[in-house]
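Q: My structure is below; once you've seen it, I'll send some questions.
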Amino acid sequence: VTPEDRLQSILAIANHYHLTVHAIENIGRQMRVRGAMPLEELLRDFDDTLKSASSGFASFSYTQTAPARVNATKLEILLNDAVVSSLTRIVREDELAREARRTVERLRELLPRRQVAQKIQARAHGRIIAREQIPALRKDVTGYLYGGDRTRKMKLWKKQKEGKKKLAKTVRVRIPPEVFRELLKKSR
């Protein structure tokens, strides 16, 4: 239910949330929009967007109907080639590439840098559809050297590189709980 002057802004967000409008009824100076949308879209952030689009004047109620078929696929998120089951979810096929790219980019922003490089990938249909890399932290191992032969610096850089390779074989990437909370928030 929304005021008449806010109807256009409500209909503008309908496509974004896969809202199929069945009927629009006039109730005095207000309009009632009847439609159907996936429950996932309703749970995501529909209420906030509806309130924003209507300047807080619109309200909604819902009832669950029979399940409907949808073209969806499983989106897996991999960190250093290991599947993170808590980030795996079912996504609509038409939103797959966009959602994969968004999730991978958000993880790149949110995950802290570690001693080794972190590879973030999104996989669907058995192939990688989005990829980002978080570079490893590097300590300036040659900072205390002054003058002299360059081969000393090269030796230290090589030693650091070998140490990083050795560490990369044993390290497991952990995702802090704050990252999960930030991923669930609406992206700005």
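Q: Which of Val116, Val91, Val141 ends up with the largest GNM mean-square fluctuation for the chain, with Cα atoms connected below 10 Å?
A: The residue with the greatest mean-square fluctuation here is Val141.
Q: Taking neighbour Cβ counts within 10 Å as the exposure measure, how do Ile129, Ile27 sort from fewest upward?
A: Ordered by Cβ neighbours within 10 Å, fewest first: Ile27, Ile129.
Q: So, one more: Where does the charge balance sit around Ile77 when Lys and Arg score +1, Asp and Glu -1, over other residues with C-beta under 13 Å from its C-beta?
A: Around Ile77, the surrounding residues sum to +4.
Q: What is the distance in Å between the Cα centres of segment 131-188 and segment 1-63?
A: The two parts, judged by their Cα centres, are 48 Å apart.
Q: Determine which residues of segment 42-76 fall in the zone a paramagnetic label at His22 would reach in this model, i.e. backbone nitrogen under 17 Å from the point 7 Å along Cα→Cβ.
A: 42, 60-69, by backbone N distance to the label point.
Q: Using the alpha-carbon atoms, what tilt in degrees (0 to 90, nearest 10) does helix 96-110 show relative to the longest principal axis of the chain?
A: For helix 96-110, the angle is close to 50 degrees.
Q: Then there's this: Can you compute the helix-only [θ] at 222 nm over the chain? Use -39500 (n - 2.57) per DSSP H run of at least 4 residues, normalise by all residues, nearest 500 deg cm²/dmol.
A: Result for the chain, helices only: -9500 deg cm²/dmol.
Q: Further, regarding this structure: In a Gaussian network model over the chain where Cα atoms closer than 10 Å are linked, find which of Gln64, Gln121, Gln160 has the largest mean-square fluctuation.
A: Gln64
Q: Using 7 Å Cα-to-Cβ label points, what is the Lys165/Lys185 separation (nm, one decimal)?
A: In this crude spin-label approximation the distance works out to 4.1 nm.
Q: Please name which of Val1, Gly148, Gly163 has its Cα lying farthest along the dipole of the chain towards the positive end, using unit charges on Cβ (Lys, Arg +1; Asp, Glu -1) and the Cα centre as origin.
A: Looking along the dipole axis, the top candidate is Gly148.
Q: For the chain, modelled as a GNM with alpha-carbon contacts under 10 angstrom, which of Ala36, Ala130, Ala97 fluctuates the most?
A: Of the options given, Ala36 has the highest mean-square fluctuation.
Q: On to the next question. What angle do you read, to the nearest 10 degrees and between 0 and 90, between the alpha-carbon axis of helix 150-170 and the longest principal axis of the chain?
A: 50
Q: If you filter segment 32-88 for trypsin sites (Lys or Arg not before Pro), then keep DSSP loop positions with at most 12 other Cβ within 10 Å, what is left?
A: Within segment 32-88, the qualifying trypsin sites (Lys or Arg not before Pro) (loop, at most 12 other Cβ atoms within 10 Å) are Arg69.
Since every read-out is calculated from the coordinates, none of them should be taken as a lab result. These numbers come from a predicted model, not from an experiment. Note that each Cβ is placed from the backbone with ideal geometry, even for glycine, and that neighbours are counted across all protein chains shown.
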